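A.B. asks: Could you have a look at this structure, given as structure tokens, before my questions?
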Amino acid sequence: MAVTTESWDTRIQRADELSRRGDATKEILTFYAKLLQSQKDVYDFLRSRRGWLPSGSLSDDLPVLRECLPAILRTVESDGPAPLAEEARSVMSAASGMVDEMLLGYWRAPSDTQFFAKAFLQPYARWLAESGGQPVDRIFERQESRCPFCGGMPQVSFLQIREVSSESGNRDLICATCTANWPFRRVACAYCGEEGPTKLGYYHTPEFDHVRIEACDTCKYYIKGVDLTRLGFAIPLVDEVAAAPLDLWAQEHGYTKIELNLIGL
Ligand SMILES: [Zn+2]
Ligand SMILES: [Zn+2]
């Protein structure tokens, strides 16, 4: 069962707060806060539409969804890093049929290099999950390391104490497509399921005490893990972006990220 516990507002506040620290990630966090705000606007628009619920068939839902496209594009164009702003401009000037094809293509076979489709469809997929719908034109395999609701890849993992009796915390993965989370084995690769302790490596720096790289030597993939037992008010999706310097370490050591985040890191 996948659930979403964080509101858009708590994510926006956390990105604002972290951007005020003024370190090397200030710019990307300032942009991420604005992007989250426009994702929230898409979500609110869909949610407040009277007499309408998403059907789960993106091709049927697109006529409604299309209405909130220009606003999110403008945000990315004016505040995004150069490559994303460029992508926003090319989507703005593309024929609407091509934009539909891009969104439908992403929905059927998600890819983390399709920044715009991912950013735009996250609020749609979330509202689809919360309103009791199911994706109907998206075919995916049931796998432990994929979102049970939509089949999306994990964006980040996190540890939290769920039961009072547990001291070390339970591990969950957060879906890159609908941002819901689901429970996962505590010591296992989030990509290939490897459990061998000698194959799994962890890396963290004092600068980000509550975030670590969780890397696997069997498949050579990694994901970041946010430890809420160390920092309870961290917001995994946002703290993952803020810990961008850790991605450099992982790349230098030959690991590939399971899913790039919305900032393209
Ligand atoms: Zn999902
Ligand atoms: Zn692996």
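A.B. asks: So the check is Cβ under 9 Å with 6+ separation or different chains; which pairs have a first residue in region 3-21 that's free of Cβ contacts under 8 Å to residues at least 12 places away in the same chain and a second one that's open to solvent by less than 50 Å² (accessible area, probe 1.4 Å) and among the small types (Gly, Ala, Ser)?
C.D. replies: What qualifies is Gln13/Ala33; Arg21/Ala242.
A.B. asks: Something else about it: If I filter region 199-213 down to residues being surrounded by fewer than 13 Cβ atoms within 10 Å (Cβ to Cβ) and in contact (Cβ under 8 Å) with a residue 12 or more places away in the chain, which single residue comes out as nearest to Phe233 (Cα to Cα)?
C.D. replies: Residue satisfying both the conditions and the ranking: Asp209.
A.B. asks: Would you be able to say whether some residue in region 248-257 is more than 16 Å from ligand 2 (Cβ to nearest atom), in contact (Cβ under 8 Å) with a residue 12 or more places away in the chain, outside any loop (DSSP other than H, G, I, E, B) and acidic (Asp, Glu)?
C.D. replies: No; the residues of region 248-257 include none that is more than 16 Å from ligand 2 (Cβ to nearest atom), in contact (Cβ under 8 Å) with a residue 12 or more places away in the chain, outside any loop (DSSP other than H, G, I, E, B) and acidic (Asp, Glu).
A.B. asks: Search region 116-162 for residues being among the aromatic types (Phe, Trp, Tyr) and away from ligand 1 (no atom under 12 Å from the Cβ), and hand back the single one that is modelled with the lowest pLDDT.
C.D. replies: Here is the first cut: in region 116-162, the residues among the aromatic types (Phe, Trp, Tyr) are 116, 120, 124, 127, 140, 149, 158.
Remaining after also requiring away from ligand 1 (no atom under 12 Å from the Cβ): 116, 120, 127, 158.
Values: Phe116: 90, Phe120: 95, Trp127: 96, Phe158: 97.
Going through the qualifying residues, I end up with Phe116.
A.B. asks: Out of all the residues in region 197-223, which are in a loop (DSSP other than H, G, I, E, B) and either under 18 Å from the mean Cα position of the chain (by Cα) or within 10 Å of ligand 2 (Cβ to nearest atom) (or both)?
C.D. replies: If the condition is that a residue be in a loop (DSSP other than H, G, I, E, B) and either under 18 Å from the mean Cα position of the chain (by Cα) or within 10 Å of ligand 2 (Cβ to nearest atom) (or both), then Lys199, Asp217, Thr218, Cys219, Lys220 are the ones that fit.
A.B. asks: In this structure, is Tyr191 over 26 Å from Trp107 (Cα atoms) and in contact with a Phe, Trp or Tyr (Cβ under 9 Å, 6 or more places away or on another chain)? Write out each step before concluding.
C.D. replies: Values: over 26 Å from Trp107 (Cα atoms): no; in contact with a Phe, Trp or Tyr (Cβ under 9 Å, 6 or more places away or on another chain): yes.
So Tyr191 fails the test.
A.B. asks: Show me the strands (runs of 3 or more DSSP E) found entirely inside region 78-192 where at least 3 residues are surrounded by fewer than 22 Cβ atoms within 10 Å (Cβ to Cβ) and within 16 Å of ligand 2 (Cβ to nearest atom). I'd like the intermediate steps shown before the answer.
C.D. replies: Details: elements: 154-160, 170-175, 181-184.
No strands (runs of 3 or more DSSP E) qualify here.
A.B. asks: Only residues that are assigned to a loop (DSSP other than H, G, I, E, B) and open to solvent by 80 Å² or more (accessible area, probe 1.4 Å): list them for region 1-47, please. It would help to see each step written out before you state the result.
C.D. replies: Here is the first cut: in region 1-47, the residues assigned to a loop (DSSP other than H, G, I, E, B) are 1-2, 4-7, 20-25.
Within region 1-47, Met1, Thr5, Arg20, Arg21, Ala24 meet the criteria.
The values are calculated or read from the model by the stated rules, or taken from the named source; none is laboratory data. This one's a predicted model, so the numbers in the text were calculated from it and none came from an experiment. Cβ sites come from the backbone with ideal geometry, for glycine too, and all protein chains shown count toward neighbours. We work out accessible area using only protein heavy atoms, side chains counted, and drop any ligands, DNA or RNA first. Shrake-Rupley method; radii C 1.70, N 1.55, O 1.52, S 1.80 Å.
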